[in-house]
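Written out below as structure tokens is the structure these notes cover.
The values are calculated or read from the model by the stated rules, or taken from the named source; none is laboratory data. These numbers come from a predicted model, not from an experiment. All Cβ positions, glycine included, derive from the backbone under ideal geometry; neighbour counts span all protein chains shown. For accessibility, only protein heavy atoms count, side chains too; no ligands or nucleic acids. Shrake-Rupley method; radii C 1.70, N 1.55, O 1.52, S 1.80 Å.
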Amino acid sequence: MKTRRLLALFLSLLPLLAVAEEVDLSGASLLVSPSIRSPLRETVTRVLQEELYKRTALRTESATKWSRPVAIAVALSSDTALFGTPVPATAQKLTAKDGFTCHIESQGGKHTVWLIAADDRGALFAGGYLLRTARLSRHKILFDTRSAIATSPEYPIRGHQLGYRNTANSYDAWTPEQYEQYIRDLAIFGTNCIEAIPFETPSPLMKRSVPEMNRHISGICRQYGLDYWVWTPVTVDLADEKLFEEEVKKHSAYYRECPKLDDVFVPGGDPGDNHPKEVLPFLKAIAAELEKYHPGAGVWLSLQGFSDEQTDYFYLYLEQESPDWLRGVVSGPGSPPIPDTRYRLPKKYRHRHYPDITHTVRCQYPSPSWDQAYALTLGREPVNPEPFYYAQVYRRYAPFTDGFITYSDGAHDDVNKILWSRLGWDGAESVRHIAEQYVQFFFGTAPGLRVTDAIFALERNWRGAIAENGGIESAFAVWKRLEAACPSLQKNWRWQMLLLRAYYDTYTARRKAYEEGLEKEANAILQAAGAIGVEQAMQQALDKVNEADAYHPDSALRQKITAYCEALFLSVGLQTSVGKHGAKGAERGCVLDFVDYPLNNRWWLADQFDGIRRIPTVEEQLARLEVIRTWENPGKGSYYDNISHIAQSPHTRTVTDDACDVAWWDNGMSRKRLSTQLFQNFPRLTYEDLDPEGRYKIRISGFGEALLRVDGIRIAPVVYDRGLEEFKEFLIDRKYVSDGRLEVSFDEPEESRLNWRQYSKVCDVWLLKQEDTSIHSLNHTH
């Protein structure tokens, strides 16, 4: 029966498969309904003409008469005819906001691609659909008849923050023309909101003043019919009446200057630390000013950084006051959980996601299973196409929201923006289909080159330990072939970014293997310290690890990285260096400044050896060198965990969800041991297959407190030094290992008075098997 049904379905589809063909629109005229209100009518016409010309060198003439055998017709669903020709009655006409129908009509040798929109802005999205799905090449516009569709977006808010500010790693270097082109690109993929940041300090790279560019962005949104949002944190003390009034006046003045303004978002924190009892009256005041100049615009608040008491105060206020001037709540980094917010928020208020798609570490959605070598070099804002990961994030939280405006600080997250724009329209659209449209529209490469798979390979480069990832070299080989095969794309900034990542990932992977190999050789030298002398051993070991500074086994890759960084600064203003490109700070995408950061412990070893020279006796010096030499390999029957290292934490059962276990010390140039720069606050570890008759001790390296429990029982230390990289040691009674298993956990110390950066940390944990009952500590303060 099942086979019979499948056969019947296949036979029913045969007529459709038989007529599927491409319509040649190369000589088409463009007819746009006068019912589409200005300025959208002119914008839709201009976007189609300009984007088709860029890719085909064909000029698609605008017309008001049906004088050619092929046409692209843009109409509204309310139109019955377009310049005397009936709008097809068979086309499904949508009424949902932003929706459209793409209908192909062929008869009598004439072909028309109808783009029938539910509203003015829907016409822009219909045009974007044609541009994304048509096959465009020199002097050719081909459109597959199977691309006929009737579609409307799942979510009403689909946007991105493009703040013209010094903090951004590229936007501050843009011209007004670059801003318009980028907003156009996003709209072509379904974006309907742009969020600006008006109250910011200028950057030396800016081509226009902050007020001028923000007015320009507002004007672009007006031309394209997009919603214009602003992100306006309040960092003054709103309890001060004078400061309160000054802040309201500042907002009012900006509202008055905006050509278009639809929504104002005031974060409750990050930055800002006002209590909601001050914030809510302020929001009410600016809502009144907003209504004067932009009737119908809305005010939004996030609960970022709110305590439980502050959050409860906010919801009680909503319950008692039910203000109509508040449009909704935004959930961003540091907000209460997204599902909780939707459940607690009265239904009259909307809920917007503010996802961080721009950062990889120390952030809301860190890159999963990321090797420390990438975290140390690529850092927090590298080129980061992670479509599969961010699709998971989107699909997890979208059902609790009315949409999103992403947090972005530069062009580096471009793939992620496009992905979210499409998923906001259709959450079921496959990641592959979205990526294929991205490749087709921005690169125009032949499907046989498999650029989509090459982009996916860059995401896979970041999954898991570098040493265990055999795909990095394969991905690099593919990208080198693409680089050679597509010389016409060498000035395309999107192409440049992807190639930069391919070279950078490979250079880092090769350098990591090379430098770790040098450190292993150095440890072998230290093993002979008793025979050749402490000073001689330290000098030879240091010379060995420092070979990494004198010789780069892949200097050609290094030169390519520099070249692509320079090219990206010229093409899209991407600032990969503080010194060379004027980036605001080292953490803001400065991958060029960290491309050679040590991936072995040579800086740390140099400092350790200086300390050892001050130790008074040779015996103590040798003991300390033995600790260093066996740090990661403590010997048979003993175990070591680098707590947050994905390849060196076999017994660790906990992970952090914000990647704040990756240190950012000394502006990214810390000389600490690499394992010290990874940590957790309260890890849990499990050991199995232990010797039931064995005698063990636990050694911990970290900072601050380490309130150790073994099998749920608090254990007192025999050594307890709290300094960074100093040791704590705990004797483990045989009764705990009698079953061959050990559970290790840590209690949370009372540290509420401290900044989170000063919280206690556990970096390294050893379970050391003892040969006898006498236990000697090798701890030294340094």
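Taking region 632-714, which GluC sites (Glu not before Pro) meet the DSSP loop condition and have no more than 11 other C-beta atoms within 10 Å? Don't skip to the answer; put the middle values down first.
Working: sites: Glu632, Glu688, Glu693, Glu705; in loops: Glu632, Glu688, Glu693, Glu705.
Those that pass, being in a loop and sparsely packed, are Glu688, Glu693.
Using a 7 Å offset from the Cα along the Cα-to-Cβ direction at both Ser35 and Arg671, what is the distance between the two label points in nm, to one decimal?
For the pair Ser35/Arg671, the computed spacing is 7.4 nm.
Solvent-accessible area per residue for the chain at a 1.4 Å probe radius, Å²?
Dividing the accessible area of the chain by its residue count gives 41 Å².
What order do you get for 73-81, 566-574 when each peptide is scored by the mean count of other beta carbon atoms within 10 Å, highest first? Intermediate values should be presented prior to the final figure.
Details: 73-81: 19.0, 566-574: 20.8.
Most protected by this proxy first, the peptides run 566-574, 73-81.
Rounded, prolate or oblate: which fits region 603-718, taking a ≥ b ≥ c as square roots of the Cα gyration tensor eigenvalues, rounded meaning a/c under 1.5, else prolate when a/b beats b/c?
It is oblate, given that a/c is not under 1.5 and a/b is not larger than b/c.
How far is helix 276-293 tilted, in degrees, relative to the longest principal axis of the Cα atoms in the chain, given as a value from 0 to 90 rounded to the nearest 10?
20 degrees
Please identify which residues in region 267-281 have an amide N closer than 20 Å to a label point set 7 Å out from the Cα of Asp237, following the Cα→Cβ vector.
Inside the label zone: 268-281.
With a 1.4 Å probe and every protein chain kept in, tell me what percent of the accessible surface of the chain is carbon plus sulfur.
That fraction is 51 percent.
Local charge sum around Arg158 (other residues, Cβ-Cβ under 12 Å, Lys/Arg +1, Asp/Glu -1)?
For residues surrounding Arg158, the net value is -1.
Hey, rough spin-label estimate for Val655 and Ile149, points 7 angstrom out along Cα→Cβ, what's it come to in nanometres?
About 3.3 nm, to one decimal.
Keeping all protein chains in position, work out how much accessible area Tyr293 exposes to a 1.4 Å probe, and write it in Å² to the nearest 10.
80 Å²
Could you give P(r) for the chain, binned at 10 Å from zero, as whole percent values over all Cα-Cα pairs?
Whole-percent P(r) values from 0 Å outward: 2, 12, 19, 21, 18, 13, 8, 4, 1, 0, 0.
Using only helices, what value at 222 nm comes out for the chain when you add -39,500 (n - 2.57) per DSSP H run of length 4 or more and divide by the total residues, to the nearest 500 deg cm²/dmol?
When only DSSP H runs of four or more count, the value is -12000 deg cm²/dmol.
Shape verdict for region 389-541, please, from the Cα gyration tensor: rounded (a/c under 1.5), prolate (a/b greater than b/c) or oblate. Working shown, then result.
Details: a/c = 3.34, a/b = 2.00, b/c = 1.67.
It comes out prolate by the Cα gyration axes.
Students often check this: by mean Cβ neighbours within 10 Å, which of 611-620, 188-197 ranks highest, and how do the rest follow?
Ranked from most to least packed, the peptides come out as 188-197, 611-620.
On a 27 Å Cα-Cα criterion, which of the cross-link pairs Lys250/Lys277; Lys97/Lys284; Lys544/Lys584; Lys584/Lys672 come out too long? Spell out each step's value before the answer.
On the way: Lys250/Lys277 21 Å; Lys97/Lys284 29 Å; Lys544/Lys584 36 Å; Lys584/Lys672 25 Å.
Pairs exceeding 27 Å: Lys97/Lys284; Lys544/Lys584.
Find the percent of Cα-Cα distances in region 697-770 that exceed 14 Å, and round it to a whole number.
60 percent
Using only C-alpha positions, report the orientation-averaged shadow area of the convex hull of region 308-428, nm², one decimal.
Average of the hull's projected areas for region 308-428 equals 8.7 nm².
In nm, what is the difference between 0.36 nm times the number of residues separating Gln49 and Arg709 and their Cα-Cα distance?
Here the segment from Gln49 to Arg709 would lengthen by 230.7 nm.
Helix 308-321 against the longest principal axis of the chain: what's the angle in degrees, Cα atoms only, rounded to the nearest 10?
Result, in degrees: 30.
In whole angstrom, note down how far apart the Cα centers of region 615-647 and region 498-555 are.
Comparing the Cα centres of region 615-647 and region 498-555, I get a distance of 18 Å.
Evaluate the distance, in nm, between pseudo-label points positioned 7 Å from the Cα of Glu619 and of Arg208 along their respective Cα→Cβ axes.
Placing both labels 7 Å along Cα→Cβ, they lie 7.6 nm apart.
Going 7 Å from the Cα of Asp24 along its beta-carbon direction, which residues of region 34-72 have the amide nitrogen within less than 17 Å of the resulting point?
Within reach of a label on Asp24: 56-60, 68-72.
So what are the ³J(HN,Hα) numbers for region 616-627, from phi and the Karplus equation (6.51, -1.76, 1.60; θ = phi - 60°), rounded to whole Hz, Gly and Pro as x?
Here the 3J(HN,Hα) series is x, 10, 5, 4, 5, 4, 5, 4, 5, 4, 5, 4 Hz.
Given the C-alpha centroids of region 270-309 and region 421-480, what is the distance between them in whole angstrom?
One Cα centre to the other: 40 Å.
Given the peptides 341-348, 116-123, arrange them by the average over their residues of other C-beta atoms within 10 Å, most packed first.
Working: 341-348: 13.9, 116-123: 25.6.
By packing density, highest mean first, the sequence is 116-123, 341-348.
Treating only the Cβ atoms of Lys and Arg (+1) and Asp and Glu (-1) as charged, compute the dipole magnitude of region 278-430 about its Cα centre; round to the nearest 20 debye.
That gives a dipole near 340 debye.
Could you give the angle, 0 to 90 degrees to the nearest 10, between helix 471-485's Cα long axis and the longest principal axis of the Cα atoms of the chain?
40 degrees
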